[in-house]
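Notes follow once the structure below has been shown.
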Amino acid sequence: MMTSAGPQEALLAEEAAFGAAFRAAAERARGLNQETGGLRPRGIIIPAGGARMFTCAWVAVRMLRDYLKTTLPIQIWHIGPEEMSPAMIALMADQQVECVDALALAHQEEGDVELGGFELKSFALLHCRFRQVVLLDADNVPLIDPAELLEHEAFRREGSIFWPDLLSISASSRIWELCAVNFRQMPSFESGQMVIDRERHFPALALSWFLNRHARIIYRHIYGDKDTFLLAWLALGAPFHLVAHSVRRLYGCLCQHHPDGRRMFQHRSLRKWKLHGENPLIQGFLEEERCLGYLQELRSAWNGRVFAPPPYDREMRDLESQLLAQRFFRLETVTVGAELVELLPGNLLRSGRPQPVCWWLMRDGQHVKLLLGEDRVINRCFDSHSPDYWRSRASNTREQDLVLTFERDPGSLTPRGHNTSSATSILKGWQRNYRPLHAGKGESS
């Protein structure tokens, strides 16, 4: 009588099948070449989808652009529109940073692909359009322009630079056998920063992506993506330079060094930046006050939410363009007075409030309405009398109408108005009139 295999036997059979597939993938990878058509020479990529990692990436980008003055192109890679709103894309565009939707690219290039935070790094390195690339984790704070590494002798010689982790893969780990790689006594790679000549190391990048596509199996034996790069390079015998300076630990932070010994990266792997809430000081962390200043910049420009409006038709897109061109509006009530507000790209409205609220358009039958709100709720709904004049009617006698009119002389109003409170500040108090947005895909998250 035959019996079905138990869980352990099934697991071993699955891993054996993976091992055979990996050896075949390694042989195929040896013959791969990067197509050089359309490649840009150099750039930086930062995987950073979602509100939490976007906050961290903002600090990294501002350090690169404002403090280090790097001229390298920068890309933020994310997984789908639920991780990156129009407002977030607009903010990065102001820093000359391009946002790339890895999920859309994956479906276009490879069909049905599962991408998680770990897998995103390998996918971005394989598919980005830079010939030479520096990858930074979003929660990594650079202290030296990464462009220096692309000119370094070690990079010219080996075509890749990696940094040591605190741990190494043990000799007894089954991952060596599964990948048919001889054990090597050395630190694991700490993948918060990597520098790679993609043209030279395209086979190793393809093999690393193969490993990450089988994350369900290999992540049982390694922690995330970092060891997939080590295993791919070792499996193909690809050259690399491992920085000789050991990682320095601060509280919740790993400090890595330039090959010449200067501190270059501060990877806040366990103490990620918070947009709202405390960011306790880390003893020994360099340029901390500067980073906190960048966070304050972000608070004044973004409300920390991944918000996207419902789809617009042509009339709504034309009206949006007209409102953005006008930009400055007077928001007023009878008793509170008037204040200056700005309609910004990415559905953000800037006013006297510490944090922006959202604005967007919604079709109601034959009419288009303008809405103000935040975090999945509509605070007030404005009817259009013309693109220059919008009115929100109060729902009961205890409230007041709000009027939004085009302001041709922005200097005549301060952002906070002339009374003791601002018109936008009282939006928050009208919670009894809140109603949730329809839960359509891409509306908010």
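General observations
- Once the stretch 382-398 is narrowed to residues that are of a type outside the set (Asp, Glu) and either at pLDDT 90 or above or more than 18 Å from Thr333 (Cβ to Cβ) (or both), the residue that is surrounded by the fewest Cβ atoms within 10 Å (Cβ to Cβ) is Ser386.
- Taken over the stretch 367-379, residues that are touching a Leu at 6+ places or on another chain (Cβ under 9 Å) and at pLDDT below 85 amount to 6.
- Leu254 being touching a Gly at 6+ places or on another chain (Cβ under 8 Å), closer than 26 Å to Gly116 by Cβ, open to solvent by 10 Å² or more (accessible area, probe 1.4 Å) and modelled with pLDDT of 95 or more: yes
- Residues in the stretch 399-409 that are out of contact with any Leu (no Cβ under 6 Å at 6 or more places or on another chain) and at pLDDT 80 or above: Asp401, Leu402, Val403, Thr405, Phe406, Glu407, Arg408, Asp409.
- Restricting attention to the stretch 85-110, the residues that are open to solvent by less than 10 Å² (accessible area, probe 1.4 Å) and in a loop (DSSP other than H, G, I, E, B) add up to 1.
- No other residue among Thr71, Thr36 is open to solvent by 70 Å² or more (accessible area, probe 1.4 Å) and farther than 26 Å from Leu231 by Cβ apart from Thr71.
- Looking only at the stretch 164-201, and only at residues there that are in contact (Cβ under 8 Å) with a residue 60 or more places away in the chain, touching a Lys or Arg at 6+ places or on another chain (Cβ under 9 Å) and part of a strand (DSSP E or B), the one that is surrounded by the fewest Cβ atoms within 10 Å (Cβ to Cβ): Asp197
- Within the stretch 116-163, the residues that satisfy the criterion of being open to solvent by 10 Å² or more (accessible area, probe 1.4 Å) and within 12 Å of Gly192 (Cα to Cα) are Phe118, Lys121, Asp137.
- Residue satisfying all of: in the stretch 301-329; farther than 20 Å from Leu275 by Cβ and touching a helix residue (DSSP H, G or I) at 6+ places or on another chain (Cβ under 9 Å); surrounded by the most Cβ atoms within 10 Å (Cβ to Cβ) among these: Phe329
The values are calculated or read from the model by the stated rules, or taken from the named source; none is laboratory data. A quick note: this is a predicted structure, and the numbers were derived from the prediction, not measured. A quick note on method: Cβ atoms are made from the backbone with ideal geometry, for glycine too, and the neighbour counts reach across all protein chains shown. Side chains are part of the model used for accessible areas, which takes the heavy atoms of the whole protein and leaves out ligands, DNA and RNA. Shrake-Rupley method; radii C 1.70, N 1.55, O 1.52, S 1.80 Å.
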